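Dropping a structure here in structure tokens format, bear with me for questions.
Nothing in this text is a laboratory measurement; each read-out follows from the coordinates by a stated rule. Remember, it's a predicted structure, so these values are computed and weren't measured experimentally. Cβ sites come from the backbone with ideal geometry, for glycine too, and all protein chains shown count toward neighbours.
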Amino acid sequence: MNIVRYKRYPQSDLSVTLDQLTNMRDELDRVFESSFGAFFRPLGSLNRWNPAVDVYQDKEQFTVYAELPGLKKEEIEISLNGDTLTIGGERKHEAKADQGFRTDRYFGKFQRSLTLPVSVNSEKVNATYKDGILKIVLPKAEEAKPKQIPVSLN
């Protein structure tokens with residue numbers, strides 16, 4: 001038996017905790033799909049996947065990278081609604097039943113939504129797609145950028 005110290009997450013680590021719960025849900029989906037895939041497939045609840053996403057920010061912008069291998073740029077949908085960025089689409093299954101005996105890649109519809117902590121300038125959002133990596137640059141709105149305040153001497 002292993003004893004594991006309970007670690008309480010500070011409020012600032014809420015997004016890390018939510019990401020861990022999402023990863024745990026994905027792992028459970030994977031287990032059920034590999035064990036009972038033929039039984040559950042008609043329900044459609046396990047026929048989805050979430051692409052891996054990295055988000056970086058600096059003073060000027062957010063940069064989002066999403067792994068979407070095997071998709072064409074026409075199959076990717078990107079929307080920005082307020083402070084929520086949504087990436088969606090569908091990866092088609094290339095069935096070759098007579099040749100294959102194992103399937104680890106995910107197919108089907110996906111949708112990934114990210115809530116940004118500050119507002120962005122939706123007019124200047126730019127997205128590029130190369131070698132299976134989607135890159136979205138979201139410039140921060142002027143009111144969200146940090147401002148330098150000069151200190152004067154009296």
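Using +1 on the beta carbon of Lys and Arg, -1 on that of Asp and Glu, and nothing else charged, what's the dipole of region 105-154 about the Cα centre, debye to 20?
Its charge dipole is roughly 300 debye.
Same structure, new question: Students often check this: by mean Cβ neighbours within 10 Å, which of 106-113, 128-135 ranks highest, and how do the rest follow?
106-113, 128-135
Once you've got the Cα coordinates, tell me which of Lys73/Lys109; Lys72/Lys140; Lys72/Lys92; Lys72/Lys130 are over 20 Å apart.
From the list (Lys73/Lys109; Lys72/Lys140; Lys72/Lys92; Lys72/Lys130), the Cα-Cα distance tops 20 Å for Lys72/Lys140.
May I ask you to list the residues of region 103-144 whose amide nitrogen lies under 19 Å from a point 7 Å from Cα along the Cα→beta-carbon direction of Glu60?
Once the point is set 7 Å along Cα→Cβ of Glu60, 118-128, 135-144 turn out to lie under 19 Å by backbone N, inside region 103-144.
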